[in-house]
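As structure tokens, the structure follows; a few thoughts come after it.
The values are calculated or read from the model by the stated rules, or taken from the named source; none is laboratory data. Because the structure is a prediction, the values reported are computed rather than measured. Note: ideal-geometry Cβ built from the backbone for every residue, glycine included; neighbour counts use all protein chains shown. Only protein heavy atoms, including side chains, enter the accessible area calculation; ligands, DNA and RNA are left aside. Shrake-Rupley method; radii C 1.70, N 1.55, O 1.52, S 1.80 Å.
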Amino acid sequence: LFVLPVRGSEGLYMVNGPPSFTESTAFQRDSGKNCKVVAFSKDGSLFAWCNGEKVNLVNVTSAELLRSFDLPKVVCLAFSPKNSVLATWQAYTTAKDGTAGVPNLQLHDVKTGKCLKSFIQKKMQNWCPCWADDESICARNVNNEVHFFENNDFNTIANKLHLQKVNDFVLSPGAQPTKVAVYVPGSKGAPSFVRLYQYPSFGGPQSALANKSFFKADKVTMLWNKKATAVLVVASTEVDKTGASYYGEQTLHYIATDGTSAVVQLPKNGPIYDVVWNPSSVEFCVVYGFMPAKATVFNLKCDPVFDFGTGPRNAAYYSPHGHILVLAGFGNLRGQMEVWDVKNYKLISKPVASDSTYFAWCPDGEHIVTATCAPRLRVSNGYKIWHYTGTLLHSYQVPSNEEMWQVSWQPFLDGVFPAKAVKYQAVPSELPSAEPRPAQAYRPPALRNKPVTSSKLHEDEPPQNMKPQSGSSDKPLSKTALKNQRKHEAKKAAKQEAKAEANQESTQSSAPQNTPRSAVPATTSGDPELDKKIKNLKKKLKAIEQLKEQAAAGKRLEKNQLEKIQKETALLQELEDLELGL
């Protein structure tokens with residue numbers, strides 16, 4: 001059984017997860033209205049919160065209070081991956097006489113409660129030190145350098161990564177050796193770059209595993225895949241110089257630890273809303289383009305594997321086992337979700353969670369929580385728990401004079417919940433189904449009794465599989481090859497149309513005459529060359545007929561089109577000669 005902590009103006013309490021959804025009696029509700037922050041340990045066994053008086057630490061299963069720290073102003077909390085250290089941060093303040101303030105980032109030993117080290121950390125952004133999963137190294141950015149500590153000994157800096165101005169860094173997940181992705185912003189005409197290093201070899205540019213430089217970057221987001229083989233970098237500018245977007249401009253880059261890198265080509269212009277790795281680490285999904293946005297899954301060669309078409313969406317979420325993908329439209333969109341089976345690329349369900357400001361998969365890979373939280377939205381605060389097949393299992397709304405600030409799942413380590421086969425049949429629910437009534441579009445009085453005509457601003461593109469078919473080569477087609485393929489398909493379609501027309505004519509003309517002319521098979525000569533010539537001549541004559549019709553309709557023809565019409569008698573003569581020679 002697992003729990004969800006709920007934090008808001010009603011205090012902090014725990015709710016039991018599916019199937020009961022009752023308030024946990026083991027965890028004593030903290031009814032203070034001042035709970036600023038909560039945090040679970042990575043394995044979900046420890047839980048800490050600050051209620052404006054103290055930071056409390058409890059064991060989740062027994063709900064036993066393990067320790068309290070006298071830190072009333074803490075606004076950020078985090079555990080190290082193996083629960084050895086609890087990091088706390090409070091706003092940095094300087095003394096009235098301008099002297100430096102006291103250290104505001106503290107690292108506490110969870111077992112003894114002793115403060116291991118305190119630092120001055122002025123900014124709230126990236127306040128927390130980053131640990132490798134086995135806690136062998138811990139790193140933090142200090143004055144554009146990355147300082148590394150080993151085995152939680154924070155009194156000696158074991159290593160430094162010094163580049164001209166390191167703005168941000170991310171440690172790779174998983175086992176040793178740990179890799180580090182660092183971002184250095186460009187300056188004075190020099191490009192920005194992201195470099196990948198393997199700890200502890202930070203010698204120079206030659207020691208880097210990979211390097212990717214780019215212009216057009218005011219800020220970057222770096223995302224490691226779970227296996228630590230590649231990083232996706234979303235580079236964005238604050239302002240779009242072309243004026244095409246309010247959101248600035250984004251580009252997506254792929255960098256692998258083997259040194260390869262690429263720009264991910266997105267077929268639709270517009271913002272990049274979301275980029276997520278599949279936990280399998282072999283593919284990633286991007287939601288991008290002006291609304292209605294496109295969503296596409298790419299492989300490690302940055303080739304599209306599946307395109308979900310267009311729709312009202314701005315976020316993507318893979319389930320913990322990577323077998324289900326949810327595409328959703330939250331924020332300024334209406335909360336429509338599409339739940340996809342990733343293996344077969346089939347749509348499972350389309351639930352709607354309107355006004356949602358938060359979405360999270362349960363670690364069991366079956367359940368989802370969506371929530372409407374303050375301060376993003378001050379009204380209709382509450383949360384809903386769904387099964388991915390589209391069934392709403394539980395819904396809670398706070399009283400109208402109260403607010404809810406946060407809800408989250410208790411985390412679990414990978415492998416605690418085994419992956420299950422994907423279901424398509426909606427699971428049963430105690431709740432009555434709340435199918436939202438589709439809102440009727442406004443129609444002016446003059447049109448109200450007339451039939452409805454669809455007037456979409458844009459047609460939605462359907463989903464399509466982008467995988468090369470088993471018969472064809474694995475290589476993606478180049479632009480020219482694609483162009484030629486399209487031309488070829490268009491020609492084919494035109495041919496079939498012409499054939500259909502010819503058949504129609506033949507059936508019409510066969511009614512009055514017993515031996516219609518068009519019934520004569522076209523390939524009467526044994527010479528394919530001759531047949532080809534006859535076919536081409538007929539094609540030219542048909543085109544001339546069309547031009548004559550256009551001229552009769554009053555259209556002004558070009559010089560070359562008039563010359564074509566003049567050639568008609570010569571072409572007719574040639575055709576006659578050829579047919580006589582048959």
- Would you say H147 is in the same structural domain as L163 (by the TED database), at pLDDT 90 or above and either open to solvent by less than 60 Å² (accessible area, probe 1.4 Å) or within 35 Å of the chain's Cα centre (by Cα) (or both)? yes
- Message: Taking the criterion of being among the charged types (D, E, K, R) and surrounded by fewer than 13 Cβ atoms within 10 Å (Cβ to Cβ), would at least one residue in region 375-397 satisfy it?
- Response: yes
- Of all residues in region 10-64, how many are over 33 Å from the mean Cα position of the chain (by Cα), in a strand (DSSP E or B) and farther than 27 Å from Q397 by Cβ? 5
- Which one is nearest to L209 (Cα to Cα), of the residues in region 224-252 that are in contact with a Ser or Thr (Cβ under 6 Å, 6 or more places away or on another chain) and touching a residue at least 40 places away in the same chain (Cβ under 8 Å)? T229
- Message: Suppose the filter is in contact with a Ser or Thr (Cβ under 8 Å, 6 or more places away or on another chain) and either at pLDDT below 85 or among the charged types (D, E, K, R) (or both); does A175 pass it?
- Response: no
- Message: Tell me yes or no: at least one residue of region 298-309 is within 16 Å of D460 (Cβ to Cβ), open to solvent by 10 Å² or more (accessible area, probe 1.4 Å) and free of Cβ contacts under 8 Å to residues at least 40 places away in the same chain.
- Response: no
- Within region 84-98, is there a residue that is part of a strand (DSSP E or B) and open to solvent by 40 Å² or more (accessible area, probe 1.4 Å)? no
- Query: If only one of S68, S84 is in contact (Cβ under 8 Å) with a residue 60 or more places away in the chain and within 24 Å of C128 (Cβ to Cβ), which one is it?
  - Reply: S84
- Qualifying positions in region 527-582 - charged (D, E, K, R), open to solvent by 100 Å² or more (accessible area, probe 1.4 Å) and in a helix (DSSP H, G or I): E529, K532, K533, K535, K538, K539, K540, K542, E549, K559, K564, E576
- Task: Scan region 215-235 and give yes if some residue there is more than 22 Å from E135 (Cα to Cα), polar (S, T, N, Q) and modelled with pLDDT under 85, otherwise no.
- Result: no
- Task: Please identify the pairs in which a residue from region 196-223 that is in the same structural domain as E135 (by the TED database) and touching a residue at least 12 places away in the same chain (Cβ under 8 Å) has its Cβ atom under 7 Å from the Cβ atom of a residue that is in a loop (DSSP other than H, G, I, E, B) and surrounded by fewer than 15 Cβ atoms within 10 Å (Cβ to Cβ), counting only partners at least 6 apart or on another chain.
- Result: Q198/P177; Y199/P177; L209/G259; A210/G259; S213/P191; F214/P191; F215/P191; D218/E238
- Does region 357-371 hold any residues that are of a type outside the set (D, E, K, R) and open to solvent by 10 Å² or more (accessible area, probe 1.4 Å), and which are they? T357, Y358, F359, A360, W361, P363, H367
- Task: Filter region 157-179 down to the residues that are in a strand (DSSP E or B) and farther than 21 Å from K117 by Cβ, then identify the one that is nearest to the chain's Cα centre (by Cα).
- Result: V170
- Query: Where in region 331-370 are there strands (runs of 3 or more DSSP E), lying wholly inside it, with at least 1 residues that are over 17 Å from the mean Cα position of the chain (by Cα)?
  - Reply: 346-349
- Mind checking whether some residue in region 262-272 is closer than 17 Å to K227 by Cα, open to solvent by 40 Å² or more (accessible area, probe 1.4 Å) and modelled with pLDDT of 90 or more? no
- Query: For region 57-83, how many residues are closer than 21 Å to D414 by Cβ and open to solvent by 40 Å² or more (accessible area, probe 1.4 Å)?
  - Reply: 2
